[in-house]
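J.: Would you mind keeping the following structure in view while I ask a few things?
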Amino acid sequence: MSIKQSSNSRVAKDKIGTTIWFTGLSGSGKTTMANHLQKALLNKGISSVILDGDEVRKTINNDLGFSISDREENNRRIAEIAKIINKSGGITICAFITPTNKIRENIKHIIGDSNFILVFVDTPLETCEKRDKKSLYKKAKEGKVKNFSGITSIFEEPTNPDIILDGLKSVDENIEKLLIELKH
């Protein structure tokens, strides 16, 4: 597993700013993949910044709810932050549900097509529910959590992700695949 250190690589030391945006259901493995990718890049001498949905919601976006319009705004703000990091040459790794293709297209437009890599962590809903340590899926089904993607709110599978990871495979297998894809 190596990342090519040339201008031909999608993520390389001399590449000007890139955002790698993980999308998928809650519990699909987005944050886990993002953290492992950051470690793998660091092992290659490439530093990056992670912006994670749960962490951002607790801090700069704590004024937003989970309606579609609030989700659009949440993702817009993050895309603007990623764009700023990219402009300074930084690599941003984002892990957000990003539930609709419209939102994904908007963030791609903000960040810029040549700086944006959409990674879909494709994990069956049943598996996401089994991984749910916070019981959010159960609470959503009971009506205790509103606007929960995949249960009481929309989640559209991406129509054109750059990379698809299989959420049923091991983290190591997925990171290896991701690193190979990022070389191109």
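J.: How many residues, within the range 39-74, are more than 20 Å from Gly27 (Cβ to Cβ), surrounded by 14 or more Cβ atoms within 10 Å (Cβ to Cβ), modelled with pLDDT of 90 or more and touching a strand residue (DSSP E or B) at 6+ places or on another chain (Cβ under 9 Å)?
T.: Matching residues across the range 39-74 total 4.
J.: Right, another one. Got at least one residue in the range 104-120 being over 23 Å from Arg76 (Cα atoms) and of a type in the set (Ser, Thr, Tyr)?
T.: Within the range 104-120, none of the residues are over 23 Å from Arg76 (Cα atoms) and of a type in the set (Ser, Thr, Tyr).
J.: Report the residue count in the range 105-122 for those that are in contact with a Ser or Thr (Cβ under 8 Å, 6 or more places away or on another chain) and over 14 Å from Ile163 (Cα atoms).
T.: Residues that pass the stated criteria total 3.
J.: Separate question: Report yes if Ile97 is at pLDDT 95 or above, under 23 Å from Thr32 (Cβ atoms) and under 14 Å from the mean Cα position of the chain (by Cα), otherwise no.
T.: no
J.: Same structure, new question: Is it the case that Ser114 is small (Gly, Ala, Ser), under 15 Å from Ser149 (Cα atoms), in a helix (DSSP H, G or I) and without any contact (Cβ under 8 Å) to a residue 40 or more places away in the chain?
T.: In short, no.
J.: Here is a further query. Can you say whether Ile111 is at pLDDT 95 or above, within 27 Å of Ile180 (Cβ to Cβ) and surrounded by 20 or more Cβ atoms within 10 Å (Cβ to Cβ), as far as the supplied structure shows?
T.: Yes.
J.: Select from the range 56-100 the residues that are of a type in the set (Ser, Thr, Tyr), part of a loop (DSSP other than H, G, I, E, B) and closer than 18 Å to Asn147 by Cβ and list them in ascending order.
T.: Result: Ser67, Thr98, Thr100.
J.: Could you grab me the full set of residues in the range 159-173 that are more than 20 Å from Glu129 (Cα to Cα) and in contact with a helix residue (DSSP H, G or I) (Cβ under 7 Å, 6 or more places away or on another chain)?
T.: Result: Thr159, Ile163.
J.: Considering only residues that are of a type in the set (S, T, N, Q) and either at pLDDT 95 or above or within 23 Å of Ile103 (Cα to Cα) (or both), which ones fall in the range 4-38?
T.: The answer is Thr18, Thr19, Thr23, Ser26, Ser28, Thr31, Thr32, Asn35, Gln38.
J.: While we're here: Take Ile103 and tell me if it is in a helix (DSSP H, G or I), β-branched (Val, Ile, Thr) and over 18 Å from Asp54 (Cβ atoms).
T.: The answer is no for Ile103.
J.: If you scan the range 137-171, which residues turn out to be at pLDDT 95 or above and farther than 24 Å from Lys102 by Cα?
T.: Selection gives Leu168, Lys169, Ser170, Val171.
J.: Let me ask something additional. I'd like to check something: does the range 32-53 contain any residue that is more than 13 Å from the chain's Cα centre (by Cα), among the aliphatic types (A, V, I, L, M), over 18 Å from Gly150 (Cβ atoms) and not in a helix (DSSP H, G or I)?
T.: yes
The values are calculated or read from the model by the stated rules, or taken from the named source; none is laboratory data. The structure presented is a predicted model; accordingly, all values stated were derived computationally and were not measured. Don't worry about glycine lacking a Cβ; one is built from the backbone with ideal geometry, like all the others, and counts go over all protein chains shown.
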